[in-house]
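Just below is one structure, and these are the notes that go with it.
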Amino acid sequence: MIRLVPRTETSTMWQVATPLLAVLATMITGGLLFAVMGYDPVAAIRTIFWDPLFGMASSYSRPQLLVKAAPLILIASGLAIGFRAGIWNIGAEGQYIIGGITGAAVALAAYPSEGMWIFPAMVLAGALGGWAWGMIPALLRNWFGSSEILVSLMLVYVAEKIAAWMAFGPMKNPEGFGFPGSRNLQQYPPASNPELIAGTGAHWGVVAAAIAILLTWGLMNRHIRGFHIRAAGLAPRAARFAGVKPETLVAFCLGLSGALAGMAGLFEVAGPAGQITDSFGSGYGFTAIIVAFLGRLHPVGILLAGLLLALTYIGGELAQLTLQLPAATVQVFQGMLLFFLLGFDLLTRFRIARRIAA
């Protein structure tokens, strides 16, 4: 018989190894699942993880890696700060949607004006929209003790309904022949988020994600607020004695993560998505939670995890086209990855020991 014995100190080796083991276990289990479904497991895994980078269609899929990774990294950077403090924003998807709506609203209100001020104003509006949506669970927790987990999650569905209302109502394209959805911002140059370097997929969202990684590292390692965040997560009572105000920290973490998610939504609606539709929510906000944990809540880890999860998006789409795999392949892989990550994470806090018979 075996048992789990608490470690006196968190194992650094296992903190590094568990994400790698989770990825490996996901690939093995995914291959077995594909075999049971009647697909060639080796071909499926190769199509998802290898072909987007080195296959025949890699000239198209490699630039898409940055397109898919940018919102994941941007959102996960904000979420990780709150998670380090024990503040759980599960509703980044809603903040992403609202940020896209408020940013697009600036562009549609300015149409057809020309001016360099339009896109920066959209970015600011997107950040403010996400911030405001993130502050709702923050204020409800501070004032009434509500769970930010439940409130932020429920607000995702409210945001989805608002997006649908906008697509069919106030933001509906008057020149869209009755179809739901706003004007295509890619066709409105002052409000578009184009590729900055041809053939790379890099747009302003990629730049923002890179800046977020650097600022997150600086905040957590070189600023007193980062010390407060770490202290609140490790020892909440001790943090209070050190002068940390929990209410201020809750507002800061949820507001910041909401603002970054809102910016991600804006860069998406002004770039790859192009318009507000009733299905604007893409699931990036939920996937970013996996990115944050897979990256161990560390900026460098989040960068690598964001690229990996982006690869599963692109590889999953490629597998649907070439192997006719089900559309839910990506969600299954991401779910298994989170499952194995949480399972292996036990090894960072516990060690396996043999139970001695009495």
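The values are calculated or read from the model by the stated rules, or taken from the named source; none is laboratory data. Bear in mind that the values here come from a model prediction, so they are computed numbers and not experimental data. Don't worry about glycine lacking a Cβ; one is built from the backbone with ideal geometry, like all the others, and counts go over all protein chains shown. Areas reflect the complete protein model, heavy atoms only, side chains present, ligands, DNA and RNA absent. Shrake-Rupley method; radii C 1.70, N 1.55, O 1.52, S 1.80 Å.
Against the numbered list (1) surrounded by 21 or more Cβ atoms within 10 Å (Cβ to Cβ); (2) under 21 Å from Thr216 (Cβ atoms); (3) of a type in the set (A, V, I, L, M, F, W, C), Leu337 comes up short only at (2).
So that you can scan it fast, the table gives a plain yes or no per residue for (1) over 12 Å from the mean Cα position of the chain (by Cα); (2) closer than 25 Å to Lys161 by Cα; (3) open to solvent by 50 Å² or more (accessible area, probe 1.4 Å):
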| position | (1), (2), (3) |
| --- | --- |
| Lys245 | yes, no, yes |
| Val269 | yes, yes, no |
| Ile276 | yes, yes, no |
| Leu321 | yes, no, yes |
| Gln324 | yes, no, yes |
| Gln331 | yes, yes, yes |
| Leu342 | yes, no, yes |
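Of all residues assigned to the range 157-164, none qualifies as being surrounded by 17 or more Cβ atoms within 10 Å (Cβ to Cβ), closer than 18 Å to Asp278 by Cα and in contact with a Lys or Arg (Cβ under 9 Å, 6 or more places away or on another chain). Taken residue by residue, the range 58-67 has no member that is in contact (Cβ under 8 Å) with a residue 24 or more places away in the chain, more than 14 Å from Leu311 (Cβ to Cβ) and aliphatic (A, V, I, L, M).
In this entry, Ser152 is excluded by the filter for residues that are of a type in the set (Ser, Thr, Tyr) and open to solvent by 30 Å² or more (accessible area, probe 1.4 Å). Considering each of Gly255, Gly306, Gly265 in turn, give the residue that is in contact with a Gly (Cβ under 8 Å, 6 or more places away or on another chain), in a helix (DSSP H, G or I), modelled with pLDDT of 90 or more and surrounded by fewer than 24 Cβ atoms within 10 Å (Cβ to Cβ). Just one listed residue meets the conditions, Gly255. Every listed requirement among (1) of a type outside the set (Asp, Glu); (2) more than 14 Å from Arg349 (Cβ to Cβ); (3) surrounded by 12 or more Cβ atoms within 10 Å (Cβ to Cβ); (4) under 26 Å from the mean Cα position of the chain (by Cα) is met by Leu20 save one, (3). Of all residues in the range 32-52, those satisfying the criterion of being in contact with a helix residue (DSSP H, G or I) (Cβ under 6 Å, 6 or more places away or on another chain) and closer than 12 Å to Val332 by Cβ are Phe34, Ala44, Ile48.
Count of the range 191-212 residues, restricted to those that are assigned to a helix (DSSP H, G or I) and either among the aromatic types (Phe, Trp, Tyr) or surrounded by fewer than 18 Cβ atoms within 10 Å (Cβ to Cβ) (or both), is 4. Of Glu160, Glu195, all but one fail to be closer than 21 Å to Ile118 by Cα and among the acidic types (Asp, Glu); the exception is Glu195.
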